[in-house]
Structure formats: C-alpha cells, structure tokens
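Below: one structure, written as structure tokens.
The values are calculated or read from the model by the stated rules, or taken from the named source; none is laboratory data. What you see is a predicted model; the values in this text were computed from it and never measured. Glycine gets a Cβ as well: all are built from the backbone with ideal geometry, and neighbour counts include every protein chain shown. Heavy atoms of the whole protein, side chains included, go into the accessibility calculation; ligands, DNA and RNA do not. Shrake-Rupley method; radii C 1.70, N 1.55, O 1.52, S 1.80 Å.
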Amino acid sequence: LAILSTPAALELLQIVTGYPLGVSVLAVAVLVGLSILLPIIIGIVTASVFPAIAERIIRPLEVLSDIAFTLTVVVVLVYTYHLLLHLDARSYIAIALVTAGALVAGHLMAGGRPEEQTTLALESATRNTNLALLIASAFVPLENALPVLIPYIVTSTIICLLYVRYRKTARHRAKTDS
C-alpha cells in the first residue's frame, strides 16, 4: 500500500503547498518498496527462524527507534523552527488530513482488536513521516524539503499524540464501564 500511497501523498503535498520537490514518483516507489519490504521480510524470517530472539529484541529495537527519531526531530526543530511560519493554513490542513487518513486506515485494517488498532494506526501515520524524511534525504535538496518537512513532522506528531490520548481515554472508559 505504501508503494502507491507515499508517492501519491508526496505529489498531493507538492500541489497543495506549492513547493515543487522535483521527485520522481517511480524513484519514490522503488525507495519505499526497498525501505519497507526488506525490513518486513527480515522481520518475518527472523521471527520464523529465531522466535525467541525476535521476541526479546523487538521492544528494545522499538524503543531505540523512537528515541533516535525523537532526538533527530528535536535537533532539527531547534535549528529550523522558523520554517513553521512558511506554510499557510490550507497546507497545514492538508498535512493534518494526510496524517488523519493514515491513522484511520491503520485503525480500520486491524479490525476489532483495540491494541492492534492503535499500533497499526500509529505505524501507518508515522511511516509517512519517516518516509518523508527518507525521501527528502535521498532526492531533494534540503532548502526545498525543509519548508514542507518540518511543518509535516510537527503537525503529524500533534495529530498522532491526539489520537493516542483519545485511545487511552476510550480504553480507560471501557474498563470503568465493565
């Protein structure tokens, strides 16, 4: 799905924000395919061949990934916070809708399993942010990418945090009603 949705979302963001990134849709699809499919295949093989090891390392890898991403965002924001003022309200709305759409798609794909709904929704939404960073670093000069990426990261993070808060509140409400 990301092989199709990421180039489409990137094209939409270019149109809505007015910042031409000059990125080939095919090149993005190839990069996304390799950056998503290869780790998934490695994960599936590792979990199949070495299930005990996979079970032990998954949480530390998730935590390490979250820490690395958060530190990267903080450092980048310290130096580029002024870029948050470059986009108009319509651009921020488009970014919020892309993120919300990814959250909804992930949530719905997990069916009625609440824990998996939250996990898959967040994975779907944050993958867009991570892919945007990956694509920008591979194809776009920083001066073209940062005016879109920084607001995208900040906006999508806020939307994801609101979703997590909503899910925690709903889970707490469900427990107290039971």
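Before moving on, here are some points about what is shown:
- Verdict on SER91 being at negative phi, open to solvent by 60 Å² or more (accessible area, probe 1.4 Å) and polar (S, T, N, Q): no
- Residues located in the range 98-111, provided they are farther than 18 Å from ILE150 by Cβ and part of a helix (DSSP H, G or I): ALA100, GLY101, ALA102, LEU103, VAL104, ALA105, GLY106, HIS107, LEU108, MET109
- Among the candidates ILE153, ILE159, ILE67, residue that is open to solvent by 70 Å² or more (accessible area, probe 1.4 Å), of a type outside the set (Ser, Thr, Tyr) and on the phi < 0 side of the Ramachandran plot: ILE67
- For VAL164: the one exception among (1) of a type outside the set (Lys, Arg); (2) modelled with pLDDT of 85 or more; (3) within 19 Å of ALA9 (Cα to Cα): (3)
Here is a yes/no grid of residues against (1) open to solvent by less than 40 Å² (accessible area, probe 1.4 Å); (2) farther than 24 Å from GLU143 by Cβ; (3) at pLDDT 75 or above:
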residue	(1), (2), (3)
ALA29	yes, yes, yes
ARG56	no, yes, yes
THR80	yes, no, yes
LEU84	no, no, yes
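- Sub-9 Å Cβ pairs linking a first residue in the range 149-178 that is free of Cβ contacts under 8 Å to residues at least 24 places away in the same chain and of a type outside the set (A, V, I, L, M, F, W, C) to a second residue that is part of a helix (DSSP H, G or I) and surrounded by 13 or more Cβ atoms within 10 Å (Cβ to Cβ), at least 6 apart or interchain, are LYS168/THR118, ordered by first then second residue.
- Top-ranked residue in the range 95-128 [being surrounded by 20 or more Cβ atoms within 10 Å (Cβ to Cβ) and of a type in the set (A, V, I, L, M); ranked as modelled with the lowest pLDDT]: ALA125
- Residues in the range 32-54 that are modelled with pLDDT of 80 or more and surrounded by 13 or more Cβ atoms within 10 Å (Cβ to Cβ): 4 in all.
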